[in-house]
Every structure is written in structure tokens, then in C-alpha cells.
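Presented below is the structure to which this report refers.
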Amino acid sequence: MKTIILFFTFISSPFFHDIEIAKFDVYQENDNLYLNIKFDKEDLNLALKKDKVTKKTIQNYLNKNTTWVINHQNMKFKVNEILEDRLFYQVKCIFNKTISNIKNIEVYNTCLLEETKKHSNIISFQLNGKNRTFRMHQQRKKINVNY
């Protein structure tokens, strides 16, 4: 547990960019399913070839680089909000369908893997009363999680 706390403290620090990580948090409130993503600004700007991101550019990038299948249904999401500070973009999304009982999630994610070879995407699920976290990278672009 101490290792997990230390890890999340570290990725929240200004040195986050040095370890090339993006954080994807999936959680459920009532029957709505949400996705919050934290990207390093420099890395995402490099991937998008832009100095400023919009909802449309990030939506297109995420649609191209991620696939979400929940209970064997392909799920889409909408970017609701983008927050930014000096170092990070925080992207807040909501999935387009409500789900009451999640049994399986399959994720394909290649975000930032072409731009930064040592990049990892950390995917955290807070679903069905369980917290589960996975690291995705060049050799692991797809995960399948059963509940």
C-alpha cells in the first residue's frame, strides 16, 4: 500500500514528465461511467502537433488511440471538459451509455506510445467496490479485466 501511495505522490509531482506517464481513471457514479485522464502537456502537444488542445482535437485523438469494450459492448465517450495548468491537461469524459453492473472491461490504449518510446498509460478502475490498476505500454497495449 505504501508503494502505491508513493507512486501516486510521485506522478503528481513536477517530475512527472521525467517518467513519461499518462493516468486514466475510470469510475462509476450511479449508473454513469466516467473517465478522467491526466496528460503531460508537453507530451500531448507533441502527439497532437499543437500548442493548444481543444475538446475536438483531444476527442479525435482519444477515439483514434483507445477502444473501450464494456460487458462486450463497444463504448464511446464524450470529452466534457479540459482543465490545464502549467504542466498538465486534465480531460474529463463521460461514457455514452449507462451501465448498472460491470462484469468485464477490455481496453486498447496506444496514447503517446509512438511519441515517447518509454511511455506508460496507467489505467485505474474504481468499480464494483474494487480498485484495480494496470500499466499499459509498448508491449501491453490491451488489457481485459473481469469483475
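The values are calculated or read from the model by the stated rules, or taken from the named source; none is laboratory data. Treat the numbers as computed from the prediction; the structure is a model and nothing was measured. Glycine also receives a Cβ, built like all others from the backbone with ideal geometry; neighbour counts cover every protein chain displayed. Protein only, heavy atoms only, side chains kept; ligands, DNA and RNA dropped before computing areas. Shrake-Rupley method; radii C 1.70, N 1.55, O 1.52, S 1.80 Å.
Report the extension gain between Q73 and E114 in nm, rounded to one decimal, defined as 0.36 nm multiplied by the number of residues separating them, less their alpha carbon distance.
Full-extension gain reported as 12.0 nm.
Under Stokes-Einstein, with the Kirkwood radius over Cα pairs standing in for Rh, what whole-number D in µm²/s applies to the chain at 10 °C and 1.306 mPa s?
After rounding, the answer is 101 µm²/s.
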TODO: First select every other residue whose beta carbon is under 11 angstrom from the beta carbon of K52; then total the charges, Lys and Arg +1, Asp and Glu -1.
DONE: 0
Open item on the list: Could you check the spin-label model distance between R86 and N45? Points 7 Å from the Cα along Cα→Cβ, value in nm.
Closed with: 1.4 nm
TODO: Sort H137, H119 from largest to smallest accessible area, using a 1.4 Å probe on the heavy atoms of the protein chains.
DONE: H137, H119
- [ ] Leaving ligands, DNA and RNA out of it, work out the accessible area of D40 with a 1.4 Å probe and give it in Å² to the nearest 10.
- [x] 10 Å²
Open item on the list: Helix-only estimate, please: 222 nm mean residue ellipticity of the chain, summing -39500 (n - 2.57) across DSSP H runs of length 4 or more and dividing by its residues, to the nearest 500.
Closed with: -5500 deg cm²/dmol
- [ ] Taking the Cα atoms of the range 29-69, report the difference between the largest and smallest coordinate on each principal axis, in whole Å and largest first.
- [x] 36, 17, 15
Open item on the list: Suppose the chain between S124 and K103 were pulled fully straight at 0.36 nm per residue; how much longer would it get relative to their current alpha carbon spacing?
Closed with: 6.0 nm
Open item on the list: What does the charge count around F125 come to, taking other residues whose C-beta lies under 9 Å from its C-beta (Lys +1, Arg +1, Asp -1, Glu -1)?
Closed with: +1
Open item on the list: Give me the net charge for the shell around N96: Cβ to Cβ below 11 angstrom, other residues only, Lys and Arg +1, Asp and Glu -1.
Closed with: +3
Task: Heavy-atom SASA rank of R132, R86 (probe 1.4 Å, accessible area, largest first) - done: R86, R132
